[in-house]
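Enquirer: There's a structure below that I have some questions on.
The values are calculated or read from the model by the stated rules, or taken from the named source; none is laboratory data. From a predicted model like this one, the values you see are computed outputs, not experimental measurements. Heads up, the Cβs are rebuilt from the backbone with ideal geometry, glycines too, and the neighbour counts pull from every protein chain shown. Protein only, heavy atoms only, side chains kept; ligands, DNA and RNA dropped before computing areas. Shrake-Rupley method; radii C 1.70, N 1.55, O 1.52, S 1.80 Å.
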Amino acid sequence: MFISCATQLTFNVEHPPLVDLRDVKTITVIPFEWDSTDEYAHLAKYVTAALVYDVSRGNITYAHPAEMQHISPLEYWRYADVYITGKITSINVSEHTISKEDNTRLIITRSVVVDIEYTYVRAKNNEILGHFQKSASHTSTTERFVFSSGNTVTRNRNLDTRDRHFDARNRHHNSRRRENIYIWLHDSWTVSIAATAIRKFSNTMNQEIGTWTTTEKRTLKGNSGNLAQAKRMIRHRYFGGAFEIYSNMYKETGNINAGYNLALLLQFDDQYEQALELLEKIQKNILESGRRVPAFLIRETVRVSNYMEGFEILENYRK
């Protein structure tokens with residue numbers, strides 16, 4: 001914990017996993033390629049590998065899904081407590097080509113964006129524990145030499161495979177478009193770029209399956225009188241003196257900034273329950289006086305309330 005020159009209080013807050021996996025002993029990833037019958041089937045295995053890498057590094061035992069391939073999802077509970085199932089939702093390929101040196105050299109840049117979604121399901125009752133949508137991209141450039149002449153040309157090509165609405169009145173055009181999509185997505189260079197993008201999904205599930213910590217920064221309110229004096233104390237790490245100033249000032253005058261700063265110091269000292277009580281008391285007094293509660297007070301109260309809920313869940317994990 002430290003204080004910045006901008007008079008901010010900085011403190012760390014631990015959070016429970018985004019997916020409630022309490023009492024979950026085994027988990028698995030249903031291979032995306034099992035259900036992939038579209039133009040993305042050849043890339044689905046890379047997504048599976050990326051997610052398995054993340055899940056298998058967690059504290060929950062990973063169950064290999066090999067025996068689950070030919071059974072109903074209703075029977076998955078026999079092999080794993082929770083399973084993750086999902087799909088590739090779209091792949092966007094774009095290409096930018098520049099010809100140089102009298103069209104004898106081409107600089108080609110191709111980018112691939114991969115979008116996926118997946119869901120955590122409790123196998124016993126098919127309860128959805130969490131749903132996530134993610135995107136990853138990668139760009140690669142190559143140089144090719146050609147034997148031609150003419151003016152320098154810049155060419156852009158874009159192919160978004162999310163556009164699958166084909167007009168039946170123009171079957172020839174639609175058939176050619178589907179063919180172009182297939183060719184581009186199966187081009188070895190595109191596959192290589194897509195696979196690199198997909199590998200970036202590894203190390204993105206940490207907050208979903210394990211505890212995680214945020215560094216919270218709050219700017220102290222008030223720049224005059226006793227509030228300014230308390231800030232100077234905090235800059236010199238004399239927190240006790242600042243705490244006393246804020247506490248006395250709020251009790252004697254009801255100064256909102258003093259009360260807010262006091263609540264921040266309580267959080268800084270890991271006294272979150274007391275901080276929440278104080279913030280709620282400040283808001284109650286403001287409402288009883290017929291005034292509007294400042295937005296920063298409402299935001300902080302919600303934050304601390306969420307922290308408290310998270311701490312309770314963390315305690316359950318540790319039991």
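Enquirer: Can you give me the distance in nm between label points at D187 and H42, each placed 7 Å from the Cα along the Cα-to-Cβ direction?
Expert: Computed distance between label sites D187 and H42 equals 1.3 nm.
Enquirer: Using Cα pairs under 8 angstrom and six or more residues apart, how large is the relative contact order of the stretch 232-292, in percent?
Expert: Relative contact order of the stretch 232-292: 21 percent.
Enquirer: Would you indicate which of (i) -0.68, -0.92; (ii) -0.49, -0.85; (iii) -0.74, -0.93 is the value of log10 I(q)/I(0) by the Debye sum over Cα atoms at q = 0.09, 0.12 Å⁻¹ derived from the coordinates of this structure?
Expert: Label of the calculated value: (iii).
Enquirer: Amide H of T89: which non-local residues (sequence gap of 5 or more, or other chain) have their own amide H closer than 5 Å, using H built in the peptide plane?
Expert: HN-HN under 5 Å from T89: D115, I116, E117.
Enquirer: Across the stretch 262-270, in residue order, what do the Karplus-derived ³J(HN,Hα) couplings come to in whole Hz, using 6.51 cos²θ - 1.76 cosθ + 1.60 with θ = phi - 60° and x for Gly and Pro?
Expert: Working through the residues one at a time gives 5, 5, 5, 5, 5, 5, 4, 9, 6 Hz.
Enquirer: ³J(HN,Hα) across the stretch 254-261 via Karplus (A = 6.51, B = -1.76, C = 1.60, θ = phi - 60°), whole Hz, x for Gly/Pro?
Expert: x, 4, 5, 4, 5, x, 5, 4
Enquirer: Collect residues whose amide H, placed 1.01 Å from N in the peptide plane, falls under 5 Å from the amide H of T7; neighbours closer than 5 in sequence don't count.
Expert: Distant-sequence amide H within range of T7: zero hits.
Enquirer: How big is D for the stretch 195-246, in µm² s⁻¹ as a whole number, if Stokes-Einstein is applied with the Kirkwood radius of its Cα pairs at 4 °C and 1.567 mPa s?
Expert: 89 µm²/s
Enquirer: Any idea how many Lys pairs in the stretch 185-319 come in under 28 angstrom at the alpha carbon, given 8 or more places apart or on separate chains?
Expert: 13
Enquirer: Residue by residue through the stretch 281-290, which ³J(HN,Hα) values in whole Hz follow from phi under the Karplus form 6.51 cos²θ - 1.76 cosθ + 1.60 (θ = phi - 60°), with glycine and proline marked x?
Expert: Ordered by residue, 3J(HN,Hα) equals 5, 4, 5, 4, 5, 5, 5, 5, 8, x Hz.
Enquirer: Here is a follow-up. What does the charge count near N12 come to, summing +1 for each Lys or Arg and -1 for each Asp or Glu among other residues with Cβ under 15 Å from its Cβ?
Expert: -1
Enquirer: Compute the length gained on full extension between R78 and H64: take 0.36 nm times their separation in residues and subtract their Cα-Cα distance, giving the result in nm to one decimal.
Expert: So the chain would gain 3.8 nm between R78 and H64.
Enquirer: At a 1.4 Å probe, what is the % contribution of carbon and sulfur to the accessible area of the chain?
Expert: For the chain, the apolar C and S fraction of the accessible surface comes to 48 percent.
Enquirer: At a Cα cut-off below 15 Å, give the aspartates and glutamates reachable from K45, other chains included and same-chain residues fewer than 8 away excluded.
Expert: Candidates past the 8-residue exclusion: E33, D35, D54, D115, E117.
Enquirer: Okay, next question. If each residue of separation counts as 0.36 nm, what is the full-extension length gain between E216 and S135 once their alpha-carbon separation is subtracted?
Expert: Working it through step by step, the gained length comes to 26.5 nm.
Enquirer: Just to confirm a number: summing +1 for Lys and Arg and -1 for Asp and Glu over residues other than K251 whose beta-carbon lies under 15 angstrom from that of K251, what do you get? Could the numbers behind the result be given before it?
Expert: Details: positive: K281; negative: E244, E252, E277.
Residues near K251 contribute -2 overall.
Enquirer: What residues qualify as long-range amide H neighbours of G130, i.e. H under 5 Å apart, gap of 5 or more or another chain, H built at 1.01 Å from N?
Expert: Y120
Enquirer: With every protein chain kept in the model, how would you rank F268, F243, F32, F311 by accessible area, 1.4 Å probe, largest at the top?
Expert: Ranking F268, F243, F32, F311 by accessible area, largest first, yields F243, F311, F268, F32.
Enquirer: Working with all protein chains in place, sort R292, R235, R78 by solvent-accessible area computed with a 1.4 Å probe, largest first. Let's see the in-between values first.
Expert: Details: R292 215, R235 115, R78 150 Å².
Result of the area sort, largest leading: R292, R78, R235.
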